[in-house]
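Shown next, in structure tokens, is the structure this report addresses.
The values are calculated or read from the model by the stated rules, or taken from the named source; none is laboratory data. Being a predicted model, the structure only gives us computed values, none of them experimental. Neighbour counts are summed over all protein chains in view; Cβ atoms, including those assigned to glycine, are modelled from backbone coordinates with ideal geometry.
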Amino acid sequence: MFFLYPAFKELARTGYIMSDESSIEAIITKHVLLNALKYDGKAQVGSVLGSIMGDHKELRPKAREIKPKVVNEVNRVNAMGIDAIKTETLDLGIDVSLLNGKHEEKKGLPPLPGLDGVKVPTFRLAPFPSGPLHIGNARMVILNDEYAKLTNGKLILCFDDTIGTTKKKLDAGASGAKFILPEAYDMIREGLEWLGVEWDEEVYKSDRLEIYNDYCQKLIEQDNAYTCTCTPADFKKFKDGKQPCPHRQLRVSESLEGWRKMIDGEYGEGDAVIRLKTGMDLDDPALRDPVIMRISWAPHPRIGNVNKVWPMLEFSWAIDDHLLGITHIIRGKDLLKEDYIERFIWDIFKWKHSEIMHHGLLSLGFKLSKTRAREKVKAGEYSGWSDPRIWSMQSLEKRGIQPEAIRKTLVDMGISMTDVDFPYKILYAENQKIIDKESDRFFFVEDPVMMEILGIPKEEYIAKPLVNPLVPTKGYREIPIKIQDGSKEIFVSRGDFKTLKSDFRGKMIRLKDLINVILDSTRDERLFARYLSDDLESARNKKAKIIHWVDTDPKNHVKVSIMMADGALIQGFGEKNLLSCEEGQLVQFERFCFAKIQSVNESEIRAFFTH
Ligand SMILES: [Zn+2]
């Protein structure tokens, strides 16, 4: 991260800018230096060109001529080193506030539109309680929370729990009821709290059913909706032919009578629905007289069997977004149908429209199915709702992912309409920035293979690796090794074994923080080596491969099992010092992964893979 010298701050404040602004060379130098400062000393040609053209529209026709000059300047500056770059920037008197201004804004969230006349910007989260929040839900959550915080607005947590049940076999064809997991309400709250989301109010849709009924009744009375008793197949024929079904022409009193029968239970599940009169000739078949109310007799986990008619989500939202005073709706761009229906209903009631913003869809690279997760949790195949394969907030916490890293990654993505793959690499890099200094290092060898070393002159060694190279004040840990009759057996990882076996025979290898050996031969699953020297210097001179190792003596190692993100269990041995770890501690298994310790005992250390 670029550090602002006091003098830089002074320059930024006085607004002193270079005198030779008009010269193209000076412009290029300025942008290259600023870009290099932003990217740890390595300016990027494309990014520099972009910022030049952004600031100097007049230069756009000259882009071709400018590019080679930018390339030269980038090469010059990138070879300077960060300190010299800072000095030159200072000497040239370049306004470094540019670094924190519009260039930064491109990353992150754009200003919120639609704030004119809005006293308290109000947002909503609308989770459906079928399971905990997972990584795929996090974007919608963070965007709403972040905007609420940025605008000093209000955030409402509104459980979208209409037409849900815990019944196992759902007659989805007739009732359309979705599965509600009663404990999901708490798990969702827990996930939100962990993410640092602050909501001001909590609402349950299942408490608001009378409201939807009232507004549905109004729509029927105004002849904007009707009771339809077509079978789904019959209605599809009318819909596909852009023709009204016979019920569209019913008198208001007849539709109201049908509506009463739905409420009173005289119509069973699937016998009737209420349709909104959007028009049967609309281009999009999904928008032709859509259902707004349907019948479900399935018991609801919060309110039981009291209600027989249930709103479709978009209908309930049309009403609630108005009644709850939601000024801004942020949703995935797959919900355009919902936009249309909401706006249609707002117009009928002459309500002010909420501002609707869309974001592109986030592809996780695998399918997250709550139904499948539920089955596997129930069957004991998954270790619970915090199993890493579920990617719930609970499981990310268990893995050692920090909520701040998730928030930063998602905020930096902005709110574009483009569909993108989830940036795991960025998330992991952000997370590492946060946990690197607190994660003490330990030797670990995965799937161990034995190496026998002969000709060791001493009887005892104590390897002293740094506890954490980023925090030298933490000092060293000690790994004592006993040598018997000049020979010693150690474990190396199978990965290293394979490389050594094929490419390193007869070459020097350094056992990290211990000794240098030469690899003589391999036989079966075993490496044979000879002692060469102790010092790191000669290993460096020879560019020796440095490998991690663990003592084969059971008194000197501990079994380690690491649960990976895909549920695979990686096993190996780690240094004995791991026994000093505590549950929940973040560690780095050197050259393997960061991990969060799950349990510690003499026979085994269990950990979750972080990244
Ligand atoms: Zn009909």
Completion exercise
Wholly inside the range 29-106, helices (runs of 4 or more DSSP H) that include 3 or more residues that are among the small types (Gly, Ala, Ser) and modelled with pLDDT under 80 are none
Practice task
Return a yes/no flag: does the range 553-563 have any residue that is surrounded by 14 or more Cβ atoms within 10 Å (Cβ to Cβ), over 30 Å from residue 376 (Cα atoms) and hydroxyl-bearing (Ser, Thr, Tyr).
Solution key: no
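Take residue 250 and decide whether it is in the same structural domain as residue 345 (by TED's automatic domain parsing) and closer than 27 Å to residue 129 by Cα.
Working: in the same structural domain as residue 345 (by TED's automatic domain parsing): yes; closer than 27 Å to residue 129 by Cα: no.
Here the answer is no, as residue 250 does not meet what is asked.
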Exercise for the section: Kindly establish whether residue 462 is free of Cβ contacts under 8 Å to residues at least 24 places away in the same chain and part of a strand (DSSP E or B). Expected result: yes
Exercise for the section: Determine the pairs where a residue that is on the phi > 0 side of the Ramachandran plot, located within the range 218-232, has a partner that is modelled with pLDDT of 95 or more with Cβ atoms under 7 Å apart, the partner being 6 or more residues away or on another chain. Expected result: 223/252
Exercise for the section: Only residues in the range 71-89 that are over 19 Å from residue 49 (Cα atoms) count as the first member; pair them with residues that are surrounded by fewer than 13 Cβ atoms within 10 Å (Cβ to Cβ), Cβ under 9 angstrom, at least 6 apart or cross-chain, and list the lot. Expected result: 82/40; 86/3
Problem - Long-range neighbours under 7 Å by Cβ, at least six apart or interchain, first residue farther than 8 Å from residue 226 by Cβ within the range 243-257, second within 10 Å of the ligand (Cβ to nearest atom) and part of a loop (DSSP other than H, G, I, E, B) - result: 245/230
Completion exercise
So, first residue part of a strand (DSSP E or B) in the range 275-293, second residue of a type in the set (D, E, K, R) and modelled with pLDDT under 95, Cβ within less than 9 Å, six or more apart or across chains; the pairs are 292/314
Practice task
State whether the residues of the range 263-275 include one that is surrounded by 22 or more Cβ atoms within 10 Å (Cβ to Cβ), at pLDDT 95 or above and more than 22 Å from residue 178 (Cα to Cα).
Solution key: no
Practice task
Scan the range 564-611 residue by residue and report those that are surrounded by 12 or more Cβ atoms within 10 Å (Cβ to Cβ), charged (D, E, K, R) and out of contact with any His (no Cβ under 8 Å at 6 or more places or on another chain).
Solution key: 596, 604, 606
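Tell me whether the range 153-161 contains one or more residues that are outside any helix (DSSP H, G or I), in the same structural domain as residue 248 (by TED's automatic domain parsing) and at pLDDT below 95. Outline the logic, then answer.
The first filter runs over the range 153-161 and keeps only residues outside any helix (DSSP H, G or I), leaving 153-161.
Then keep just the ones that are in the same structural domain as residue 248 (by TED's automatic domain parsing); that gives 153-161.
From the residues that got through so far, the ones that are at pLDDT below 95 too are 160-161.
Scanning the range 153-161, I find at least one residue that is outside any helix (DSSP H, G or I), in the same structural domain as residue 248 (by TED's automatic domain parsing) and at pLDDT below 95, so the answer is yes.
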Completion exercise
Checked against (1) within 16 Å of the ligand (Cβ to nearest atom); (2) at pLDDT below 95; (3) not hydrophobic (A, V, I, L, M, F, W, C), residue 296 satisfies every condition except (1)
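When residues of the range 528-586 are filtered for being in a strand (DSSP E or B) and closer than 30 Å to residue 609 by Cα, how many remain? Full working, then the answer.
Here is the first cut: in the range 528-586, the residues in a strand (DSSP E or B) are 528-533, 545-547, 550-551, 557-563, 569-575, 586.
Still in the list and also closer than 30 Å to residue 609 by Cα: 545-547, 550-551, 557-563, 569-575, 586.
Number satisfying all stated conditions: 20.
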Handout entry: Qualifying positions in the range 264-274 - more than 11 Å from the ligand (Cβ to nearest atom) and assigned to a loop (DSSP other than H, G, I, E, B)
Key = 265, 266, 267, 268, 269, 270, 271
Handout entry: the range 215-263: number of residues that are more than 9 Å from the ligand (Cβ to nearest atom), of a type in the set (Asp, Glu) and in contact with a Cys (Cβ under 8 Å, 6 or more places away or on another chain)
Key = 0
Handout entry: Number of positions in the range 465-500 that are basic (Lys, Arg) and either in a helix (DSSP H, G or I) or within 12 Å of residue 513 (Cβ to Cβ) (or both)
Key = 4
Practice task
With the condition kept exactly as written, say whether any residue in the range 419-437 is modelled with pLDDT of 95 or more and on the phi > 0 side of the Ramachandran plot.
Solution key: no
Handout entry: residue 412, sole failed condition from (1) in the same structural domain as residue 215 (by TED's automatic domain parsing); (2) under 24 Å from residue 192 (Cβ atoms); (3) surrounded by fewer than 19 Cβ atoms within 10 Å (Cβ to Cβ)
Key = (1)
Exercise for the section: Please state which one of 334, 347, 320 is crowded, with 19+ Cβ neighbours inside 10 Å and either over 19 Å from residue 222 (Cβ atoms) or in the same structural domain as residue 146 (by TED's automatic domain parsing) (or both). Expected result: 320
Completion exercise
Flagged in the range 534-552 as over 30 Å from residue 602 (Cβ atoms) and surrounded by 17 or more Cβ atoms within 10 Å (Cβ to Cβ), in numbering order, are 539, 544
